[in-house]
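Notes for the one structure printed next.
Just so you know, all these numbers are worked out from the coordinates, no wet-lab data involved. The structure presented is a predicted model; accordingly, all values stated were derived computationally and were not measured. When we count neighbours, we look across all protein chains shown, and the Cβ atoms used for this are built from the backbone with ideal geometry, even at glycine.
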Amino acid sequence: MSTTKEIESQIWEMANRLRSNMDAGEYRNYILGFIFYRYLSENQEEYLLKGKVVFPENNQSVNDAYLGIPEEELVDALAEIAGALGYAIAPKYTWASIVDKVNNNTIA
């Protein structure tokens, strides 16, 4: 089992490898943007469930259920989400969709 210090050290090591020659301040701007986007996306997922916009079936993720909304219904769903949250992220641009694309090597 890793200690908190070991985990912290590993995270900093990964961050340093990712940023390479980038200035720490510039890197921070990218990371903060990613963190905020992930927050917005996950907050929207919570709304999708609570607002009964999607109904995931057995072992289906909220994002997969969201991706399954028919195109003709999506405009209304996005309007509803935006009305409730003040923003709406289309299914193919959610954090989970982007992570899936990265994991499947379909996005650089």
If one computes the Cα centroid of region 56-106 and of region 1-51, what distance in Å separates the two points?
-> 21 Å
Trypsin sites (Lys or Arg not before Pro) lying in DSSP loop within region 5-98, provided at most 16 other Cβ fall within 10 Å | 52
Those GluC sites (Glu not before Pro) in region 1-101 that DSSP places in a loop and that have at most 14 other beta carbons within 10 Å | 57
Would you mind checking 5/92; 5/50; 52/92 for any pair whose Cα atoms are more than 29 angstrom apart?
-> 5/92; 5/50
Place +1 on the Cβ of every Lys and Arg and -1 on the Cβ of every Asp and Glu in the chain, take the dipole about the Cα centre, and give the residue among 70, 48, 14 whose Cα lies farthest towards its positive end.
-> 14
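When N is the residue count of the chain, what does its C-alpha Rg come to as a fraction of 2.2 N^0.38 Å?
That works out to 1.33 for the chain.
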